[in-house]
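Heads up, the thing below is written out as structure tokens.
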Amino acid sequence: MPSQPAQDDIPAPLFLALLGAAGDLAWRLVVPALYDLYRDGGLPERFALVGVDRKPDTAEAMRARCRDGIEQFSRLGLGDDATWQSFAARIDYLTADIEQAGTALAPRLAELTATLGEPPLAVYYLAIPPRLFGPAAHGLAAAGLEQDRARARLVVEKPLGRDRASFRALDSELAAHFQESQLYRMDHFLGKETVQNILALRFANPIFEPIWDRRYIDHVAITVAETLGVEHRANYYEGAGCLRDMVQNHLLQIFCLVAMEPPARFDADNLRDRKMDLLSALRPIPAAAVDEYAARGQYGPGWIHGSQMPGYRQEDGIAPASNVETFAAIKLLVDNWRWQDVPFYLRTGKRMAEDVSEVSIRFRPVPHQAWPAGAAADHGPVRLVLRLHPDEGMDLKLNLKVPGAHFALRQQDLRFTYREAFQAEPPKPYETLLAAVLAGDQSLFMRADQVDAAWALLDPVVQSWAERPADFPNYATGSWGPESAERLINGDGRGWLTPTLPPQRAG
Ligand code: BG6
């Protein structure tokens, strides 16, 4: 899983077509990341960025919009004027319906090919709603733009379907024209440094693998908590909900990296095969017992860090009796030799107490407590906590002797923090992922069978929740989620632990 490819790996030159160039995704995430990549020397010298959208506009207006997005959202900022001007000179804009984008783009690609004297790498980035993926792919293929199997690449982002059947329908529209090797299905969590580091930690250090199984690990809890609410995305979120928005993709990808077998090679198919081995060993969730495996919640009004916030149903654009969940927790069991009987608890939600993401691996107790009576009063379960965000790093919570004449144990953290260790700001996920598209590295992208397997797991939950209206709201803004999520884990005699906060926030 290389993050930033070496300059040599980047094919030159590049034709990047941004479909949906007038939209939010292009402006807020794709263009700023592309610019950061450019400033970091990650783009080939010869490249063209062609925006396509139905909004009648000029290249000049597209440049102004790109500049605005870069100024607001890029990691490195606009930089000096010469840098921006040379980037801006490569930007063009075509007004066309998304279905017709292929027809509009084909002559531009032909022109560039003639000027360069060789065909460029052609990346078609679909920054458009998924209902347009099929028509866009069809339009590109009608103009023959999918033909160069080695050089033409299509990038799409979630949501990829609402369930397994709709994913299959959507994907077959893409697969009708593009081969799997041309498809880059984004999950931006895979572009996060700390998420990628799970593999480095596990497979570059010999001390973890021997204990990374049911003999030593009691359970694993994965938390991705956000203080953000639904914001300006009511339309999308009302049709999606938390399970589809976060669990089906991001949380299951983190789970895969924690629980998969070691790959034989760090190539895309090998890594994705190992993830598939794991996903196909997941115990199916019985439709009749969904509540034993999953819990849902929706935030009501409350307070976060001293500010009062409305409930989900009071947010702009949300139905006053909305049944959409803003929190989801799920228990996974893996039927294989490594993980039999080791539960994985995943939870994520909006408007929770803190912005914090972590993987907490709890080890079994030592088989025999030989300490003098009372010595172990302050000891606790050994845990390895991978802090994905914020204050990225890890903690190993160990039991150590308290200095003094008496033998007493206390739990103490062995703490590592990326910021201190590396003193460098890592690239943002979109930058890493764009670089991987250019390098033709699919390891950071989801293969169709993974997405399909994730839906296969969650379909019973999706269906059961749709059929049974919930008693919402059931957790207060600023809390750690609903009671039902506590019951999900308490029922097994375990509990969620308050995530490890940075020292300044932990108080
Ligand atoms: C997105 C979800 O995929 O991920 C959002 O649609 C969520 O609802 C976001 O807020 C979280 O990503 P990040 O990078 O901010 O942790």
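The values are calculated or read from the model by the stated rules, or taken from the named source; none is laboratory data. These figures come from a predicted structure and were not determined experimentally. A quick note on method: Cβ atoms are made from the backbone with ideal geometry, for glycine too, and the neighbour counts reach across all protein chains shown. Protein only, heavy atoms only, side chains kept; ligands, DNA and RNA dropped before computing areas. Shrake-Rupley method; radii C 1.70, N 1.55, O 1.52, S 1.80 Å.
How large, in percent, is the carbon and sulfur part of the accessible surface of segment 276-343 at a probe radius of 1.4 Å?
On the way: 1700 of 3080 Å².
C and S atoms contribute 55 percent here.
Give me the net charge of PRO119's neighbourhood, meaning all other residues with Cβ under 10 Å from the Cβ of PRO119; Lys, Arg count +1, Asp, Glu -1.
On the way: positive: ARG151; negative: GLU118, ASP148.
Surrounding charge for PRO119 is -1.
Scan segment 372-457 for chymotrypsin sites (Phe, Trp or Tyr not before Pro) in coil per DSSP, keeping those whose Cβ has at most 12 other Cβ atoms within 10 Å, and list them by number.
Numbers: sites: PHE407, PHE416, TYR418, PHE422, TYR430, PHE445, TRP455; in loops: PHE407, PHE445.
Passing both the DSSP loop test and the Cβ count: PHE407.
Quick one: angle between helix 448-467 and the longest Cα principal axis of the chain, in degrees between 0 and 90, rounded to 10, please.
Value to nearest ten degrees: 70.
What is the percent carbon and sulfur in the accessible area of segment 407-507, measuring with a 1.4 Å probe over the protein chains and ignoring ligands?
Numbers: 2500 of 4810 Å².
Within segment 407-507, the accessible surface is 52 percent carbon and sulfur.
As a quick test, which of the pairs LYS158/LYS192; LYS350/LYS428; LYS192/LYS397; LYS192/LYS275; LYS350/LYS401; LYS275/LYS428 have an alpha carbon distance above 28 angstrom in this structure?
Numbers: LYS158/LYS192 16 Å; LYS350/LYS428 22 Å; LYS192/LYS397 24 Å; LYS192/LYS275 18 Å; LYS350/LYS401 40 Å; LYS275/LYS428 24 Å.
Result: LYS350/LYS401 exceed 28 Å.
For VAL224, what charge total do you get from the other residues with a beta carbon under 10 Å from its beta carbon, if Lys and Arg give +1 and Asp and Glu give -1? It would help to have the intermediate numbers written out before the result.
Values: positive: ARG347; negative: GLU226, ASP355, GLU358.
Residues near VAL224 contribute -2 overall.
Taking Cα pairs under 8 Å and at least six residues apart, what relative contact order does the chain come out at, in percent? Display every interim value, and only then the final one.
Values: 949 pairs, mean separation 89.6, N = 507.
Averaging sequence separation for qualifying contacts and normalising by length gives 18 percent for the chain.
Hand me the trypsin sites (Lys or Arg not before Pro) from segment 249-307 located in a DSSP loop with no more than 16 other Cβ atoms within 10 Å, in residue order please. Kindly include the intermediate steps, with their values, before the conclusion.
Numbers: sites: ARG265, ARG272, ARG274, LYS275, ARG296; in loops: ARG265.
The qualifying sites are ARG265.
How long are the semi-axes of the equivalent ellipsoid of segment 431-507, defined as square roots of 5 times the Cα gyration tensor eigenvalues? Whole Å, largest first.
Rounded to whole Å, the semi-axes are 33, 25, 13.
Give me the mean projected area, in nm² to one decimal, of the convex hull enclosing the Cα positions of segment 419-470.
Numbers: hull surface 27.6 nm².
Averaged projected hull area, Cα only: 6.9 nm².
Using only alpha carbon positions, build the gyration tensor of segment 359-412, then give the equivalent ellipsoid semi-axes as the square roots of 5 times its eigenvalues, largest first, whole angstrom.
Numbers: eigenvalues 135, 36, 7 Å².
Taking √(5λ) for each eigenvalue gives 26, 13, 6 Å, largest first.
Using a 1.4 Å probe over the heavy atoms of the protein chains, calculate the carbon and sulfur portion of the accessible area of segment 119-205 as a whole percent. Show your work: numbers first, answer last.
On the way: 1580 of 3050 Å².
The value for segment 119-205 is 52 percent carbon and sulfur by accessible area.
Given R₀ = 45 Å, FRET efficiency for ASP291-PHE363 by Cβ-Cβ distance, to 0.05? If you can, show how the numbers build up before the last one.
Details: r = 29 Å, r/R0 = 0.64.
Given R0 = 45 Å and the Cβ-Cβ separation, E is 0.95.
Mind pulling the angle between the C-alpha long axis of helix 268-279 and the longest principal axis of the chain? Nearest 10 degrees, somewhere in 0 to 90.
Here the helix axis deviates by roughly 40 degrees.
Whole-Hz Karplus ³J(HN,Hα) for segment 101-113, in order, using 6.51 cos²θ - 1.76 cosθ + 1.60 and θ = phi - 60°, x for Gly and Pro?
4, x, 4, 6, 7, 3, x, 5, 5, 4, 4, 5, 4
Which ³J(HN,Hα) values, rounded to whole Hz and listed in residue order, are derived for segment 28-36 from phi using the Karplus coefficients 6.51, -1.76 and 1.60 in 6.51 cos²θ - 1.76 cosθ + 1.60 with θ = phi - 60°, glycine and proline given as x?
Result, ordered by residue: 8, 10, 6, 5, x, 5, 4, 5, 4 Hz.
Can you list residues whose amide H is under 5 Å from LYS158's amide H, if they're 5+ apart or on another chain and H is modeled 1.01 Å from N?
Those lying under 5 Å, H to H, from LYS158 are MET186.
When only alpha-carbon atoms count, how far does segment 184-278 stretch along each of its three principal axes, as whole angstroms with the largest first?
On the principal axes, segment 184-278 reaches 46, 32, 23 Å in Cα extent.
Could you please report the charge total around ASN323, scoring K, R as +1 and D, E as -1 over all other residues with beta-carbon less than 11 angstrom from its beta-carbon?
Numbers: positive: ARG296, ARG313, ARG468; negative: GLU238, GLU325, GLU467, ASP471.
For residues surrounding ASN323, the net value is -1.
Which trypsin sites (Lys or Arg not before Pro) in segment 171-232 sit in a loop by DSSP (not H, G, I, E or B) and have at most 14 other Cβ atoms within 10 Å of their own Cβ?
Details: sites: ARG185, LYS192, ARG202, ARG214, ARG215; in loops: LYS192, ARG214, ARG215.
Loop-located and lightly packed - ARG215.
Could you grab the relative contact order for segment 355-453? Cα pairs under 8 Å, six or more apart, rounded to a whole percent. The partial results should precede the final answer.
Details: 132 pairs, mean separation 20.4, N = 99.
Reported as a whole number, the value is 21 percent.
Which cross-chain or sequence-distant (5 or more) residues have an amide H under 5 Å from the amide H of ILE217, H modelled 1.01 Å from N in plane?
ARG364
Which of rounded, prolate, oblate describes segment 255-314, given a ≥ b ≥ c as roots of the alpha-carbon gyration tensor eigenvalues and a/c under 1.5 marking rounded, otherwise prolate only if a/b is larger than b/c? Display every interim value, and only then the final one.
Details: a/c = 4.51, a/b = 1.91, b/c = 2.36.
Because a/c hits 1.5 or more and a/b fails to exceed b/c, segment 255-314 counts as oblate.
What's the angle, to the nearest 10 degrees (0 to 90), between helix 193-203's Cα axis and the longest principal axis of the chain?
Its long axis makes an angle of about 60 degrees.
Could you list log10 I(q)/I(0) for the chain at q = 0.08, 0.11 Å⁻¹, which the Debye formula gives when each Cα is one point scatterer?
-0.54, -1.01
Rounded to two decimals, what is the ratio between the C-alpha radius of gyration of segment 126-232 and 2.2 N^0.38 Å?
The value comes to 1.48.
If you restrict to DSSP beta bridges whose two residues both lie in the chain, what percentage is antiparallel, to the nearest 5? Don't skip to the answer; put the middle values down first.
Working: 42 of 78 bridges.
Antiparallel bridges make up about 55 percent of those DSSP assigns within the chain.
Would you work out the Kirkwood radius for segment 353-507? I mean one over the mean of 1/r across all pairs of different Cα atoms, in Å.
20.1
Determine the per residue accessible area of the chain with all protein chains present and a 1.4 angstrom probe, expressed in square angstrom. Mind dumping the intermediate values first?
Numbers: 21440 Å² over 507 residues.
Accessible area per residue, the chain: 42 Å².
Over what distance in Å are the Cα centres of segment 423-440 and segment 259-317 separated?
That distance is 24 Å.
For segment 345-436, what number results from the quotient of the Cα radius of gyration and 2.2 N^0.38 Å?
On the way: Rg = 18.2 Å, N = 92, 2.2 N^0.38 = 12.3 Å.
Cα Rg divided by the expected 2.2 N^0.38 Å: 1.48.
Can you pull the semi-axes for segment 1-111, root of five times each eigenvalue of the Cα gyration tensor, sorted largest first, whole Å?
Working: eigenvalues 99, 60, 33 Å².
Ellipsoid half-lengths, sorted descending, are 22, 17, 13 Å.
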